[in-house]
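Trainee: Sharing a structure with you now.
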Ligand code: PEP
Ligand code: MG
């Protein structure tokens, strides 16, 4: 996929009959470079579009039965969620339990059910429309009550209504199915799961009111090559679907209803950007070698299997981070071992013998998976997530490890464990791996011999500080600078209100990176970086200067980082890194890094 495909080249038509609105320029955070020019599609994750039609008198009873079946199915789905909730610990389980109980009560002969049946009978309308009207009426009643608890229940009622409508239409939640050509998606917020559903062939770019630069939505936009601006205050105030919009992901700017001259300027900018990108793509087949001969491995991070083509065309040497969460997104059930194996098999085969590092499930934080019935808890970033969740739900980890081990028979694979904080967690994961090996042997299923390396993601400050001990239990390290920065500085990476404070050049973050890299070098295990820092050419000299020789990033960034490496002198970069590590002030660090990047060539 190239940017040329998704930004289009022709002038977007004026899509509405409204009088021409004035141009509006809004600033936010540019998180994925490139320029999109297209037609606005306002995404409201809460909305479901329901068709209303009259039914014949003879259809009333069958329609009521159709509704009863949908409600019964909803009851079974909620019961499944209840079973999952019981396996959770502590207050999260309790709170989720109450909520699901309330759903069950609403589904059993409540006012909602009776109301829908009455509407089908009296108004002679289809069940979907009856559910929508009834939910709207109940919600209006709740909202009017001056009780914050009750008005908060409106969201639950609407959620249940959407479930009933999905069951009736037989359609799972699939937003973005009807989009204008060159759609520019504007939303209050987009979850990573929503973003995963965007098709870069149809979508030109996106902008949201909420979200930080290192949020998973931002990462996903970069991976898909979609220009994106997040944290745009006032974005949705005036705009309507069908308006024309420009998203400038480099400057962090959104322009609504651009004037003719503005459109012309941005068309030129877009052409320049695409020309630059094409020029860089010529570096695809040359190695990432510094001027003084150090060879650096550049690999790609991927969120979705559909990215493999761009990984190969960017010249990546392998996949350095496969975020396996996609397997669990946008579905109500959990993929079993065979299903996971089938997906991994195809991916490993398409990578044609290049290494693939598969990370075990890292849901939690801003990456929630509906299918797991995870309740976010009071502080999702610090809660039951990633390896903690895998160890709390051994059936999840066992199936995932078995699927990965089976795929290891087909190509070089490494297994990476997210959010590790203690040696005990690694010991437990290795035990689980032993269990999976036994199970595969019993079933006469093939796997790699020797077994795939098992690595630790260093992304919790405690793991960085305990890196020497962890190195005894790990075959490699991969430093996740996104979370490492978030947890070291206590800055939520997805919160636009503190995004200006998120700084991977803070001396504390750099010391933790240095400490982890040195621990790996002492233990003679490979160490790389797979956080977003790896994909920014500005940081390359510093990371290499700290001893890192493997970088994994969004495939779209590989050419710019390679270009930087090929103009760099590693000895000089190492010297500058030493000077930088003596500093205590991040502004001074920035200055020293930028002057090195500009001067040294
Ligand atoms: C990280 O935290 O740096 C990382 C690579 O993992 P993720 O962004 O998926 O949390
Ligand atoms: Mg992480």
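Trainee: Here are the criteria: (1) more than 16 Å from ligand 1 (Cβ to nearest atom); (2) modelled with pLDDT under 90. Tell me which single one residue 369 does not satisfy.
Mentor: Here residue 369 meets the rest and fails (1).
Trainee: Okay, next question. How many residues are buried (at least 23 other Cβ atoms within 10 Å of the Cβ) and farther than 21 Å from residue 516 by Cα if we restrict to region 562-591?
Mentor: 3
Trainee: Quickly run through region 447-464 and pick out the residues that are within 27 Å of the chain's Cα centre (by Cα) and either away from ligand 2 (no atom under 16 Å from the Cβ) or part of a loop (DSSP other than H, G, I, E, B) (or both). Lay out the reasoning, then the answer.
Mentor: At the first step, the residues of region 447-464 found to be within 27 Å of the chain's Cα centre (by Cα) are 452-464.
Scanning region 447-464 gives 452, 453, 454, 459, 460.
Trainee: What number goes with the only condition from (1) more than 27 Å from the chain's Cα centre (by Cα); (2) within 16 Å of ligand 1 (Cβ to nearest atom) that residue 502 does not pass?
Mentor: With (1) more than 27 Å from the chain's Cα centre (by Cα); (2) within 16 Å of ligand 1 (Cβ to nearest atom) applied to residue 502, the lone miss is (1).
Trainee: Only residues that are in contact with a helix residue (DSSP H, G or I) (Cβ under 7 Å, 6 or more places away or on another chain) and either within 16 Å of ligand 2 (Cβ to nearest atom) or closer than 15 Å to residue 32 by Cα (or both): list them for region 535-550, please.
Mentor: Within region 535-550, 535, 537 meet the criteria.
Trainee: Here's a follow-up. When region 312-347 is examined, which residues are found to be closer than 18 Å to residue 412 by Cβ, more than 16 Å from ligand 1 (Cβ to nearest atom) and in a helix (DSSP H, G or I)?
Mentor: Result: 312, 341, 343, 344, 345, 346, 347.
Trainee: Just the residues that are assigned to a strand (DSSP E or B) and more than 13 Å from residue 235 (Cβ to Cβ), please, taken from region 248-270.
Mentor: Listed by number, the list holds a single entry, 248.
Trainee: OK, next. Would you call residue 492 within 14 Å of ligand 2 (Cβ to nearest atom), modelled with pLDDT of 95 or more and within 20 Å of the chain's Cα centre (by Cα)?
Mentor: In short, no.
Trainee: Just give me the residues in region 319-335 being modelled with pLDDT under 95 and over 16 Å from the mean Cα position of the chain (by Cα), in sequence order.
Mentor: Across region 319-335, the qualifying residues are 332, 333, 334, 335.
Trainee: Same structure again: When you scan region 177-197, do you find a residue that is in a loop (DSSP other than H, G, I, E, B), surrounded by 24 or more Cβ atoms within 10 Å (Cβ to Cβ) and away from ligand 2 (no atom under 16 Å from the Cβ), even just one? Talk me through it step by step, then tell me what you get.
Mentor: Filtering region 177-197 down to residues in a loop (DSSP other than H, G, I, E, B) leaves 177-182, 188-191, 197.
If we keep only those that are surrounded by 24 or more Cβ atoms within 10 Å (Cβ to Cβ) too, we end up with 190.
Filter again for away from ligand 2 (no atom under 16 Å from the Cβ), leaving 190.
The answer is yes, given that some residue of region 177-197 is in a loop (DSSP other than H, G, I, E, B), surrounded by 24 or more Cβ atoms within 10 Å (Cβ to Cβ) and away from ligand 2 (no atom under 16 Å from the Cβ).
Trainee: Among (1) more than 16 Å from ligand 1 (Cβ to nearest atom); (2) in contact (Cβ under 8 Å) with a residue 40 or more places away in the chain; (3) under 21 Å from the mean Cα position of the chain (by Cα), where does residue 274 come up short?
Mentor: (3)
Trainee: Further question: Here are some conditions: (1) at pLDDT below 95; (2) over 29 Å from residue 77 (Cβ atoms). Residue 258 meets all but one. Which one does it not meet?
Mentor: Failed condition: (1).
Trainee: Criterion first (crowded, with 18+ Cβ neighbours inside 10 Å and either farther than 20 Å from residue 323 by Cα or modelled with pLDDT under 95 (or both)) does residue 519 satisfy it?
Mentor: yes
Trainee: So in region 373-424, with the set limited to residues that are free of Cβ contacts under 8 Å to residues at least 24 places away in the same chain and in a helix (DSSP H, G or I), which one is farthest from ligand 1 (Cβ to nearest atom)?
Mentor: 395
The values are calculated or read from the model by the stated rules, or taken from the named source; none is laboratory data. Worth saying up front: this structure is predicted, and the values here are computed from it rather than measured. Neighbour counts run over all protein chains shown; Cβ positions are idealised from the backbone, glycine included.
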